[in-house]
């Protein structure tokens with residue numbers, strides 16, 4: 001392979017013009033409508049005859065008054081002001097913005113799934129119960145665990161659920177504990193969840209290899225430790241090589257190991273959390289199993305557990321009975337519900353479709369190619385943005401803009417913003433917190449070599465600009481729908497609604 | 001052998017070669033062999049998309065309760081409303097569907113502005129000035145409200161009406177295991193919260209639902225007074241469609257509004273993904289859970305939107321954050337903004353009114369059937385509970401044979417007893433009517449129930 005022809009970057013925004021888009025409210029005209037409802041024949045009794053006047057709002061709540069055509073124009077134009085995976089590469093480290101197969105969307109849109117009421121009797125929803133039971137079985141196979149709850153609506157909800165399971169387990173053993181250990185490289189949701197779980201955080205420093213410092217971990221352990229929360233590979237994209245020693249040390253003091261599954265995509269078919277000694281695992285289905293992220297959700301954060309924690313799982317769970325039918329069963333010592341119904345069911349259906357298309361062999365190829373892409377990119381960019389820890393990484397690599405900052409005063413944020421002009425979404429910036437000028441790239445397995453090359457060339461052009469005209473980078477991006485926004489002003493003078501803007 | 005990988009074998013070899021490797025195995029050589037999976041995953045082999053689709057047909061046909069096969073009179077916070085093609089298409093645009101959280105506002109104005117418009121609508125429907133960008137669902141939104149109350153008062157006692165949906169109460173009890181909240185459930189008497197029956201001294205929050213989960217419209221003055229008397233926050237969960245015509249949470253004096261936003265353009269979806277609605281007073285803005293979008297300008301002075309007040313959030317405050325929420329339900333919030341745009345000022349009122357008209361039309365006929373009696377004599381809005389004199393599950397199964405999903409069994413929501421219904425509740429069904437139900441469908445319901453309970 002002599003030359004790689006670069007390709008695969010976004011090249012059309014803004015499509016037309018540089019103006020801003022009015023809000024739906026600004027587009028409204030009194031009396032204009034778009035809605036159409038069924039002709040029902042139900043007697044049109046005046047509302048005031050049905051509801052006592054004390055309950056009726058004397059004012060009309062203004063919504064919007066637009067035509068269907070204007071509604072379509074407005075939201076289509078807004079969509080043109082939005083980057084997305086379908087448009088181009090989205091190498092946000094830790095977020096796993098891989099391609100979302102359209103087939104999975106079609107499954108979720110099937111009325112046989114999406115028009116079913118969650119409170120309908122189990123006898124009328126057997127297809128859904130079987131689907132949920134199958135999702136649970138598949139996730140347990142992937143993680144090496146015994147059973148799972150599908151209720152948590154996102155990763156952070158899964159974390160808190162896992163911590164409540166820990167708490168219930170220790171209480172059941174008559175052994176209340178108070179502390180949870182968390183590495184300093186952890187996602188911010190981990191410590192926030194620990195507080196809501198009623199525990200205190202003890203932070204464990206990383207060593208000079210970017211891994212948990214085993215000696216410091218051992219020094220922090222004691223009979224008051226309920227458990228440890230680990231991401232493996234960690235948020236530096238590095239595998240915790242001493243995981244068996246960590247697991248043994250935590251288990252020795254009676255603690256449990258919690259696996260933050262944010263990076264599970266790196267190890268599919270390679271190693272399972274259960275085999276590493278983890279007791280509780282949450283998964284972000286919108287990452288590993290490619291369900292679309294929706295601009296900030298919905299996700300799904302199922303939690304799988306080892307056999308000793310199964311009885312504490314949230315309920316009810318869709319369960320296969322001896323006669324082959326399915327019913328809702330609540331575990332004997334269940335901590336209770338963590339969601340109003342059964343979790344983000346349509347997200348679970350998408351994930352099942354993704355898993356069944358791939359199968360065990362396909363999921364393994366996902367991990368292999370994700371890790372290959374990340375390492376290729378790390379090596380390809382080594383001369384421009386060196387890796388914070390220069391060795392084989394997993395599915396993502398944390399690079400640093402420190403050389404550009406030292407030489408030209410160009411920061412990681414400037415590089416990230418300039419990449420937007422180049423037709424790529426930015427990497428994750430300034431995370432993990434322990435790396436100076438961090439730029440965390442996660443290319444994912446679905447990006448081609450040509451797209452990776454195009455990204456690398458874009459980074460090189462930015463580095464050249466840093467040398468030639470560093471000032472211009474402080475003002476990037478200029479070709480995007482808006483330029484750098486005044487975040488301080490937004491916080492200082494909060495305008496969260498149209499009405500606050502007009503006040 | 002299906003996947004979505006672009007790599008050719010030659011490219012894989014070249015990429016490995018660039019790294020000085022000749023096999024995938026070398027990429028994983030640093031993982032201790034003792035924990036490696038030697039046999040591969042214990043999962044079936046991959047199938048093509050059409051093969052998977054063929055298998056899923058077996059499951060969809062086993063879902064007899066789907067609305068195309070059965071007329072839906074089930075509610076309980078989840079309603080079968082009209083969602084037109086235009087809303088499905090706009091909300092399904094891949095720019096909205098396949099975006100991530102708007103961390104780079106320069107290329108995320110689409111989602112950010114849509115959330116800003118959503119926040120404006122939540123604020124108007126709640127009558128409160130500070131909305132957020134969404135939470136997971138109604139139940140978890142209420143729990144965030146409880147956590148806010150603890151932050152505001154330094155107290156842990158939560159006084160919650162039994163009129164709050166039983167699943168919401170159950171979720172609150174689960175999370176109380178971690179937060180240490182003491183939950184006091186206030187029973188209903190004739191469908192109305194009996195606030196006098198509990199001691200609210202030292203409460204952090206007084207929590208009620210409007211209409212309550214049995215559909216009853218309670219006067220919220222007593223709840224508000226109780227909150228004021230005890231220095232507690234007043235948290236009110238409202239039906240967002242009813243909010244198109246009823247007094248808003250703000251008009252009842254609520255400090256916090258929570259709600260289930262599913263009725264705004266999201267399908268029944270077997271319970272998710274749904275939409276947690278949340279808004280509060282100005283006093284509580286620093287304790288707001290989750291994300292909030294604010295208006296600002298860009299460096300060229302153009303109106304722009306950005307997530308703001310970020311200093312409250314988990315990625316910055318870590319263990320001191322006001323909430324652990326990160327991923328929320330943005331796509332459902334965008335969908336709600338589109339659906340409300342389609343309904344407009346008149347349409348939302350029309351939908352709310354038709355729901356009430358249909359529910360009352362059905363109720364009046366049902367209580368004329370021998371053996372069917374109302375659980376409450378109080379006014380209701382779009383949903384009501386009736387005793388049917390026989391086991392509710394059996395009645396619903398028999399109605400299903402006639403193509404009617406006749407409602408929800410209250411026992412299936414609550415368990416064998418609950419402070420919301422005095423005495424036995426195994427014969428209670430919760431019935432709702434939306435604007436999609438025709439007079440013929442409602443009349444059919446009456447005929448079927450009459451036969452079934454005879």
In nanometres, what is the gap between the two model label sites at residue B:34 and residue A:56, each 7 Å from Cα along Cα-to-Cβ? 7.5 nm
Between 0 and 90°, nearest 10: helix B:166-179 axis offset from chain B longest Cα axis: 50 degrees
Roughly how many nanometres apart are two label points built 7 Å out from the Cα toward the Cβ at residue A:307 and residue A:252? 2.5 nm
To the nearest whole number, what is the average tally of beta carbon atoms from other chains within 10 Å of the beta carbons of peptide A:328-338? 3
Provide the percentage of antiparallel DSSP beta bridges, counting only those with both residues in segment B:86-337; round to the nearest 5. 45 percent
Gain on full stretching of the segment that runs from residue A:245 to residue A:172 - 0.36 nm per residue minus C-alpha separation: 23.6 nm
By the mean-Cβ-within-10 Å protection proxy, highest first, A:135-147, B:6-18 rank as A:135-147, B:6-18
How big is the gap, in Å, between the Cα center of segment B:373-452 and the Cα center of segment B:1-55? 53 Å
Ranked output for segments B:380-392, A:289-301, B:221-233 by mean other Cβ atoms within 10 Å, highest leading, reads A:289-301, B:380-392, B:221-233
The FRET efficiency for residue A:36 and residue A:499, from their Cβ-Cβ distance with R0 = 35 Å and rounded to 0.05, is 0.80
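Rank these for me by crowding, B:195, A:341, A:376, going from fewest to most other beta carbons within 10 Å. Don't skip to the end; give the middle numbers.
Numbers: B:195 18, A:341 25, A:376 22.
Result, fewest neighbours first: B:195, A:376, A:341.
Would you mind ranking A:469, B:3, A:361 by Cβ crowding within 10 Å, fewest neighbours first?
So the ranking, lowest neighbour count to highest, is A:469, A:361, B:3.
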Nearest 5 percent is fine: what portion of the DSSP beta bridges confined to segment A:104-357 is antiparallel? 40 percent
At a Förster radius of 41 Å, what calculated FRET efficiency corresponds to the Cβ-Cβ distance of residue A:469 and residue A:433, to the nearest 0.05? 0.85
Fewest first, what order do B:342, A:128 take by the number of other Cβ atoms within 10 Å? B:342, A:128
If packing is taken as the average number of other Cβ atoms within 10 Å across a peptide's residues, how do B:175-184, B:306-315, A:351-360 rank, most packed first? A:351-360, B:306-315, B:175-184
Angle, helix B:9-18 long axis vs. longest principal axis of chain B, Cα atoms, 0 to 90°, nearest 10? 70 degrees
Between the alpha-carbon centers of segment A:66-104 and segment A:164-188, tell me the distance in whole angstrom. 39 Å
Rh by Kirkwood over Cα pairs, then Stokes-Einstein D for segment A:413-503 at 1.567 mPa s and 4 °C, µm²/s: 85 µm²/s
Which three lengths, in whole Å and largest first, does chain A cover when its Cα atoms are put on their principal axes? 75, 65, 47
At 7 Å along Cα-to-Cβ for each site, give me the label-to-label distance between residue B:402 and residue B:300 in nm. 6.6 nm
Principal axis extents for segment B:86-337, Cα atoms only, whole Å, descending order, please. 58, 39, 30
So what are the three principal axis dimensions of segment B:201-329 from its Cα atoms, in whole Å, longest to shortest? 50, 39, 30
Rh by Kirkwood over Cα pairs, then Stokes-Einstein D for the protein assembly as shown at 0.890 mPa s and 25 °C, µm²/s: 87 µm²/s
Name the shape class, rounded, prolate or oblate, that the alpha-carbon gyration tensor gives for segment B:117-222, where a ≥ b ≥ c are the square roots of its eigenvalues, rounded holds for a/c under 1.5, and otherwise prolate holds if a/b is larger than b/c and oblate otherwise. oblate
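Averaged across A:299-306, how many Cβ atoms of other chains sit within 10 Å of each residue's Cβ atom?
Values: counts 6, 3, 2, 0, 0, 0, 0, 0.
Mean shielding count: 1.
Which whole number gives the average count of other chain Cβ atoms within 10 Å of the Cβ atoms across peptide A:266-277? Let's see the in-between values first.
Working: counts 1, 5, 2, 5, 10, 8, 5, 1, 2, 5, 4, 1.
Going residue by residue through A:266-277 and averaging, the value is 4.
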Using Stokes-Einstein with the Kirkwood hydrodynamic radius over Cα pairs, what translational diffusion coefficient do you get for segment A:1-155 at 4 °C and a viscosity of 1.567 mPa s, in µm²/s rounded to a whole number? 58 µm²/s
For segment A:398-474 and segment A:35-61, distance of Cα centres in Å: 57 Å
Return the FRET efficiency for the residue pair residue B:454, residue A:214: r is the Cβ-Cβ distance, R0 is 51 Å, and the value is rounded to the nearest 0.05. 0.10
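With runs of 4+ DSSP H residues as the only contributors, calculate the mean residue ellipticity of the protein assembly as shown at 222 nm using -39,500 (n - 2.57) per run, divided by the residue total and rounded to the nearest 500.
Using -39500 (n - 2.57) per qualifying helix, the result is -11000 deg cm²/dmol.
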Averaging the inverse of every distinct alpha carbon separation and then flipping it gives the Kirkwood radius. What is it for segment A:276-368, in angstrom units? 15.0 Å
Which whole-percent values make up P(r) of chain B when all C-alpha to C-alpha distances are grouped in 20 Å steps starting at zero? 22, 49, 24, 5, 0
For a distance above 31 Å, tell me the whole-number percent of Cα pairs in segment A:104-357 that qualify. 22 percent
Global form of segment A:359-483, assessed from the alpha-carbon gyration tensor, a/c cut-off 1.5: prolate
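Report, for the protein assembly as shown, the % of DSSP beta bridges that are antiparallel, rounded to 5.
If I count the DSSP bridges inside the protein assembly as shown, around 55 percent turn out antiparallel.
Coordinate-derived values only; no laboratory data. Here the structure is a predicted model, which means the values were calculated and not measured. As a convention, Cβ positions derive from the backbone with ideal geometry for all residues, glycine included, and neighbour counts pool all protein chains shown.
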